[in-house]
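**Q** Submitted below is the structure of interest, expressed as structure tokens.
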Amino acid sequence: MKDKQEKIELAMFTAWGIALIATLGSLFFSEVRNYIPCELCWVQRIFMYPLAITLAIAAVKKDAKQAFYTLPISVIGAGFSLYHYLVQKIPAIGENSTACGIIPCNHQYINWFGFMTIPFLAFIAFMSISLIMVWVIKSSKE
């Protein structure tokens with residue numbers, strides 16, 4: 001029982017680490033590299049930044065019940081990230097994204113290896129957190 005509880009605590013700490021790295025990464029791109037976020041980037045930040053705070057509290061308090069609250073936030077954030085990535089990579093979807101704001105949502109500041117853009121990185125972070133939260137919920141019930 002104690003070993004399972006330690007694994008759950010480590011999982012919560014890992015999820016917090018992912019959220020913290022994603023938050024610091026987005027701040028690095030906007031504040032250090034001076035990339036202006038588009039509207040969809042702001043929406044993704046709205047979902048990621050609270051995760052960094054709530055998961056930090058959950059990790060410190062060793063509260064696995066926070067998984068029930070963070071899972072919906074991370075799943076919704078993943079949905080926005082996936083949509084933003086599709087806007088960037090599929091021309092039929094991204095045609096109308098010039099009306100997204102000052103910076104069009106199909107603009108790609110980075111394009112590592114031909115597929116890794118900022119929304120892709122956010123999607124990976126949101127999905128990783130979501131999968132960890134599903135595991136925590138499942139493990140907590142057992």
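**Q** (1) under 30 Å from residue 2 (Cα atoms); (2) in contact with a His (Cβ under 9 Å, 6 or more places away or on another chain); (3) of a type in the set (Gly, Ala, Ser): which one isn't true of residue 122, the others all being true?
**A** Among (1) under 30 Å from residue 2 (Cα atoms); (2) in contact with a His (Cβ under 9 Å, 6 or more places away or on another chain); (3) of a type in the set (Gly, Ala, Ser), residue 122 violates only (1).
**Q** Would you point out the residue of the stretch 109-126, among those that are closer than 22 Å to residue 47 by Cα and either in contact with a Leu (Cβ under 6 Å, 6 or more places away or on another chain) or surrounded by fewer than 17 Cβ atoms within 10 Å (Cβ to Cβ) (or both), that is modelled with the lowest pLDDT?
**A** By that ranking, first place goes to 110.
**Q** Could you list, in sequence order, the residues of the stretch 18-64 that are surrounded by fewer than 17 Cβ atoms within 10 Å (Cβ to Cβ), among the β-branched types (Val, Ile, Thr), within 11 Å of the chain's Cα centre (by Cα) and more than 15 Å from residue 80 (Cα to Cα)?
**A** Of everything in the stretch 18-64, just one residue is surrounded by fewer than 17 Cβ atoms within 10 Å (Cβ to Cβ), among the β-branched types (Val, Ile, Thr), within 11 Å of the chain's Cα centre (by Cα) and more than 15 Å from residue 80 (Cα to Cα), namely 21.
**Q** What residue, among those in the stretch 127-139 that are touching a residue at least 60 places away in the same chain (Cβ under 8 Å) and surrounded by 15 or more Cβ atoms within 10 Å (Cβ to Cβ), is nearest to residue 48 (Cα to Cα)?
**A** Applying the filter and picking the extreme gives 129.
To keep it simple, each residue is scored yes or no on (1) more than 22 Å from residue 30 (Cβ to Cβ); (2) among the polar types (S, T, N, Q); (3) assigned to a helix (DSSP H, G or I).
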position	(1), (2), (3)
68	yes, no, yes
75	yes, no, yes
92	yes, no, yes
95	yes, no, yes
105	no, no, no
121	no, no, yes
125	no, no, yes
132	yes, no, yes
137	yes, no, yes
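**Q** Condition test on residue 95, is it more than 22 Å from residue 115 (Cβ to Cβ), surrounded by fewer than 15 Cβ atoms within 10 Å (Cβ to Cβ) and of a type outside the set (A, V, I, L, M)?
**A** So residue 95 fails the test.
**Q** Also, quick follow-up: Just checking, which of 8, 36 is of a type in the set (A, V, I, L, M, F, W, C), modelled with pLDDT under 95 and not in a helix (DSSP H, G or I)?
**A** Testing whether each residue is of a type in the set (A, V, I, L, M, F, W, C), modelled with pLDDT under 95 and not in a helix (DSSP H, G or I) leaves just 36.
**Q** For residue 53, are the conditions met, namely being of a type in the set (A, V, I, L, M), touching a residue at least 12 places away in the same chain (Cβ under 8 Å), over 19 Å from residue 139 (Cβ atoms) and assigned to a helix (DSSP H, G or I)?
**A** Spelling it out, it is not the case that residue 53 is of a type in the set (A, V, I, L, M), touching a residue at least 12 places away in the same chain (Cβ under 8 Å), over 19 Å from residue 139 (Cβ atoms) and assigned to a helix (DSSP H, G or I).
**Q** Within the bounds of the stretch 39-46, is there any residue that is under 30 Å from residue 7 (Cα atoms), charged (D, E, K, R) and assigned to a loop (DSSP other than H, G, I, E, B)?
**A** No, there is no match, as no residue in the stretch 39-46 is under 30 Å from residue 7 (Cα atoms), charged (D, E, K, R) and assigned to a loop (DSSP other than H, G, I, E, B).
**Q** Next question. How many residues does the stretch 11-33 contain that are without any contact (Cβ under 8 Å) to a residue 12 or more places away in the chain and not in a helix (DSSP H, G or I)?
**A** Of the residues in the stretch 11-33, 0 are without any contact (Cβ under 8 Å) to a residue 12 or more places away in the chain and not in a helix (DSSP H, G or I).
**Q** Tell me which of these residue 113 doesn't satisfy, since it passes every other one: (1) at positive phi; (2) in contact (Cβ under 8 Å) with a residue 12 or more places away in the chain.
**A** So the condition that residue 113 fails would be (2).
The values are calculated or read from the model by the stated rules, or taken from the named source; none is laboratory data. Treat the numbers as computed from the prediction; the structure is a model and nothing was measured. Virtual Cβ from ideal backbone geometry, glycine too; neighbours counted across all protein chains shown.
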